[in-house]
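Engineer: Can you read through this structure? Questions will come right after.
The values are calculated or read from the model by the stated rules, or taken from the named source; none is laboratory data. Keep in mind that what you see is a predicted model, and the values were worked out from it rather than measured. Here the Cβ positions follow ideal geometry from the backbone for every residue, glycine too, while neighbour counts run over all protein chains shown.
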């Protein structure tokens, strides 16, 4: 499948998230990459919002993974690998069990574990255009 680019402001994030999920409707594993402060967590919150999950507290920087529930009580996993030093650490927390669950998995800082991610992982890159505008490539 070819890649797609969208340039959008923060106020348009729900539309971006909707397009990502439509463009990859059969995928469940998503990697979100970008420099610090580009909006990785904010995009994941928008993706979860489209899935029906409201009021996501924050990125799981210290817990590494947060579990949320969609309205039908299916789990959605949100990872933040910022504090991970090696792919072995991600494996030790049971990463493969999460990825093979068939549930949505959204990962921040996944470039730290890129060598163990499967090819079918949807890679989303966020690039800062200005203070409010980002380019999303997926």
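Engineer: With the condition kept exactly as written, say whether any residue in the range 83-104 is at positive phi and modelled with pLDDT of 95 or more.
Structural biologist: Checked against the condition, which is being at positive phi and modelled with pLDDT of 95 or more, the range 83-104 yields at least one hit.
Engineer: Which residues, taken from the range 1-20, are at pLDDT 95 or above and either touching a helix residue (DSSP H, G or I) at 6+ places or on another chain (Cβ under 6 Å) or not in a helix (DSSP H, G or I) (or both)?
Structural biologist: Passing the criteria: 5, 6, 7, 8, 9, 13, 14, 17, 18.
Engineer: Give the residue, chosen from 42, 86, that is farther than 17 Å from residue 121 by Cα, within 14 Å of the chain's Cα centre (by Cα) and surrounded by fewer than 21 Cβ atoms within 10 Å (Cβ to Cβ). Please lay out each step first, then the result.
Structural biologist: On the way: 86 fails: within 14 Å of the chain's Cα centre (by Cα).
None of the other options fit; the residue is 42.
Engineer: Taking only pairs six or more apart or across chains, which ones have beta-carbon atoms under 8 Å, a first residue in the range 53-82 that is touching a residue at least 12 places away in the same chain (Cβ under 8 Å) and on the phi > 0 side of the Ramachandran plot, and a second residue that is surrounded by 12 or more Cβ atoms within 10 Å (Cβ to Cβ) and part of a loop (DSSP other than H, G, I, E, B)?
Structural biologist: Taking only residues 6 or more apart or on different chains, the pairs are 64/81; 64/83; 64/84; 64/93.
Engineer: All but one of (1) out of contact with any helix residue (DSSP H, G or I) (no Cβ under 8 Å at 6 or more places or on another chain); (2) closer than 24 Å to residue 4 by Cβ; (3) crowded, with 17+ Cβ neighbours inside 10 Å hold for residue 98, so report the exception by its number.
Structural biologist: Only one criterion is unmet by residue 98, namely (2).
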